Each structure stands twice: as structure tokens, then as C-alpha cells.
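Structure first, commentary second.
The values are calculated or read from the model by the stated rules, or taken from the named source; none is laboratory data. Given the structure is predicted, the values throughout are model-derived calculations rather than measurements. Counting neighbours? That spans all protein chains shown, and the Cβs are built from the backbone with ideal geometry, glycine included.
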Amino acid sequence: MSIVIVVSSPREGGFGRRIAEKVAEGIAQAGKKAKIVLLNDLGPVKQCQNCEACKKNGCHCVIKDGITPLLEEIRESEGIVHVTSINFNHVSGLFKTYFDRYFCFLDENSSSTFPTGKKVATIVTAGADD
């Protein structure tokens, strides 16, 4: 298993990507495998449709886009690191679209099906003159 690093920054060479690379280096030094996923490279992605089809499908998202296989990879991973920037006092829009798709990790009773014991970290970057 590996640790998935999900980066929402679209900027090559931006803080988010550089941080993700450093995190991946640290994971490798600890003897683990890391995979960096750039959300911007997943192609067109859809927002959660709140269709609740995932509730009838074993808590697997039924939308066919680049986020769906990522969610399955996350389900199987040892851990996840999220890297996002703050844009206009909130996480990036692409990160929000991705994270809303975690709805598929809730069953019909709104109980979590997210694998127990999975390590999750979130790194947030921000830059401003003041």
C-alpha cells in the first residue's frame, strides 16, 4: 500500500506542489511509497450530484470521471495527505469539488465507511502581503 498525496494547486512550481514533493521525499525516507495526484490533471471532473446512488452501490461513487478512481485508490491506501491553497478565505474550488465527493464514504444511515485507522493529514498554504 502507499500514501496518496492529493494536490489541488494548478500552478507548476507553486507552494502546494513543492510541499507535496517534500512530503513524498519524507515518506520515501521512511520506507513507504508515495503517489502524488494533481487534481488539475484528472481531466474534467464533476461535482457530487447528491444522487445517493453510492448509498445503493456499496458506498462507491457512480460518477465516471477522474475523481472516481482516485476515491477507490484512497479507499485502498495506507494514508492520505491533502495539499490545498486558501483562495478568497476558503480552500480552492477544485479541492472543494474533490472533497465533496467523499460523500460516497457515508452509508445510507450517514455512518462513515471510511476505512478505520487510515491516517489523514491536510496541509494548507496561503500567501498575502499582510
**Prompt:** Considering only residues of the range 20-51 that are of a type outside the set (A, V, I, L, M, F, W, C) and closer than 16 Å to S92 by Cβ, which is surrounded by the fewest Cβ atoms within 10 Å (Cβ to Cβ)?
**Reply:** D41
**Fill in**
Within the range 39-63, the residues that are of a type in the set (V, I, T) and either touching a Phe, Trp or Tyr at 6+ places or on another chain (Cβ under 8 Å) or without any contact (Cβ under 8 Å) to a residue 12 or more places away in the chain (or both) are V45, V62
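Check F114, F99 and return the single one that is part of a helix (DSSP H, G or I) and out of contact with any His (no Cβ under 6 Å at 6 or more places or on another chain). Step through it out loud before you land on a result.
Working: F114 fails: part of a helix (DSSP H, G or I).
Answer to the selection: F99.
With respect to L106, determine if the residue is over 30 Å from G13 (Cα atoms) and either at pLDDT below 95 or surrounded by 18 or more Cβ atoms within 10 Å (Cβ to Cβ) (or both).
Values: over 30 Å from G13 (Cα atoms): yes; either at pLDDT below 95 or surrounded by 18 or more Cβ atoms within 10 Å (Cβ to Cβ) (or both): yes.
In short, yes.
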**Message:** Quick check on this structure: which one of K46, K55 is under 14 Å from R101 (Cα atoms) and modelled with pLDDT under 95?
**Reply:** K55
**Asked** Which of the residues belonging to the range 69-86 are surrounded by 14 or more Cβ atoms within 10 Å (Cβ to Cβ), free of Cβ contacts under 8 Å to residues at least 40 places away in the same chain and over 11 Å from the mean Cα position of the chain (by Cα)?
**Response** none
**Message:** Checking S112 against (1) out of contact with any helix residue (DSSP H, G or I) (no Cβ under 8 Å at 6 or more places or on another chain); (2) surrounded by fewer than 16 Cβ atoms within 10 Å (Cβ to Cβ); (3) of a type in the set (G, A, S): exactly one of these is not met. Which one?
**Reply:** (1)
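Yes or no, residue by residue, for (1) farther than 24 Å from A121 by Cβ; (2) of a type in the set (K, R); (3) in contact with a Leu (Cβ under 8 Å, 6 or more places away or on another chain); (4) part of a strand (DSSP E or B):
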{"residue": "A28", "(1), (2), (3), (4)": "no, no, no, no"}
{"residue": "A34", "(1), (2), (3), (4)": "no, no, no, yes"}
{"residue": "P44", "(1), (2), (3), (4)": "yes, no, no, no"}
{"residue": "Q49", "(1), (2), (3), (4)": "yes, no, no, no"}
{"residue": "I63", "(1), (2), (3), (4)": "yes, no, no, no"}
{"residue": "T68", "(1), (2), (3), (4)": "no, no, no, no"}
**Prompt:** When residues of the range 82-113 are filtered for being closer than 12 Å to V45 by Cα and of a type in the set (S, T, Y), how many remain?
**Reply:** 2
**Complete:** Flagged pairs (Cβ under 8 angstrom, 6 or more apart or on separate chains; first in the range 106-130, closer than 18 Å to H82 by Cβ; second at pLDDT 90 or above and of a type in the set (D, E)) are K118/E78; K119/E78
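Of R17, R11, which residue is modelled with pLDDT under 95 and either closer than 19 Å to K118 by Cα or loosely packed, with under 14 Cβ neighbours inside 10 Å (or both)? Please lay out each step first, then the result.
Working: R17 fails: either closer than 19 Å to K118 by Cα or loosely packed, with under 14 Cβ neighbours inside 10 Å (or both).
None of the others qualify; the one that does is R11.
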